[in-house]
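For reference, the structure discussed in these notes is given below.
Each reported figure results from applying straightforward, stated rules to the coordinates on display, with no laboratory input. Not measured: the values here are computed from a predicted model. Heads up, the Cβs are rebuilt from the backbone with ideal geometry, glycines too, and the neighbour counts pull from every protein chain shown.
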Amino acid sequence: MKKVAVIMGSDSDLKVVEKAITTVQSYGVETEVHIFSAHRTPAEAKEFTASARDNGIGVIIAAAGKAAHLAGAIAANTTLPVIGIPIKASALEGIDALLSTVQMPAGIPVATVAIDGAENAGLLAIQILAVEDKSLAEKLQSARDQKKTSILEKDKEINQRYK
Ligand code: RP5
């Protein structure tokens, strides 16, 4: 099975990014985690990305805050799908990172999740791998079914409580 690479621009992003890592791993998919920065370690980011496909990576998650060009810079060097997580890391509450990550010019797409949306980034990576993997698709469906059951139970409970 292909691995999911999880790249963050700084170790200060880890408290948010960890949820993407644990979400991917909870589906039994291996992760490869790195700190690479588009502006502090651009050569290392490029070298990793250019060889990612040959190294068994299927999807890359890239998280960064402030002027967050990491996901776009990574996407420039691979045709693997890249998922961007804009991190809330500045006085602008993550809007800066959201716009920097999501507003990619045509030709180099980055699938951007919500500000600090690490869990959805992990789930989207699994959904991409599940296109070719039936057992992953079944696990995803079963997780959704469990969530639905729990929400319906909460609905019953709240409905009773306020009668
Ligand atoms: C970005 O700048 C990183 O992704 C991080 O979100 C932000 C701040 O980095 P540090 O100054 O905390 O290392 O490149």
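Can you give the alpha-carbon Rg of the stretch 45-163 over 2.2 N^0.38 Å, where N counts its residues? Walk me through the numbers before you get to the answer.
Values: Rg = 18.0 Å, N = 119, 2.2 N^0.38 = 13.5 Å.
Output field value: 1.33.
Roughly what would the spin-label model give for Arg53 and Ser26, points 7 Å off Cα along C-beta, in nm?
Spacing of the two 7 Å Cα→Cβ label points: 3.2 nm.
Rank by packing, highest mean first: peptides 76-84, 114-122, with packing defined as the count of other Cβ atoms within 10 Å averaged across residues.
So the peptides 76-84, 114-122, ranked by packing, come out 114-122, 76-84.
Beyond 16 Å, what percent of the Cα pairs of the stretch 107-163 remain?
Considering the stretch 107-163, 62 percent of its Cα-Cα pairs are separated by more than 16 Å.
What is the distance, in nm, between label points placed 7 Å from the Cα along the Cα-to-Cβ direction at Asp155 and at Leu14?
For Asp155 paired with Leu14, the spin-label model returns 4.1 nm.
If each of Leu140 and His39 carries a label point 7 Å out from its Cα toward its Cβ, how far apart are those two points in nm?
Once both label points are built, they end up 3.5 nm from each other.
Which peptide among 136-145, 150-159, 11-20 comes first, and what is the full order, when sorted by highest mean count of other Cβ atoms within 10 Å?
Numbers: 136-145: 13.5, 150-159: 9.8, 11-20: 18.1.
My ranking of the peptides, most packed first, is 11-20, 136-145, 150-159.
To the nearest 20 Debye, how big is the dipole of the stretch 1-137 about its Cα centre, given +1 on the beta carbon of each Lys and Arg and -1 on that of each Asp and Glu? Kindly include the intermediate steps, with their values, before the conclusion.
Numbers: 10 positive and 14 negative charges, 26 e Å.
Magnitude of the dipole: close to 120 debye.
Please find, in a Gaussian network model of the chain (springs between Cα atoms separated by less than 10 Å), the residue of Ile21, Ile85, Ile35 whose mean-square fluctuation is greatest.
Top of the fluctuation ranking is Ile35.
Given the options Gln103, Gln127, Gln146, which has the most mean-square fluctuation in a GNM of the chain, springs set between C-alpha atoms less than 10 angstrom apart?
Top of the fluctuation ranking is Gln146.
Helix-derived [θ] at 222 nm for the chain: sum -39500 (n - 2.57) over DSSP H runs of at least 4, divide by residue count, nearest 500?
Values: 6 runs with 77 residues, N = 163.
Calculated mean residue ellipticity at 222 nm is -15000 deg cm²/dmol.
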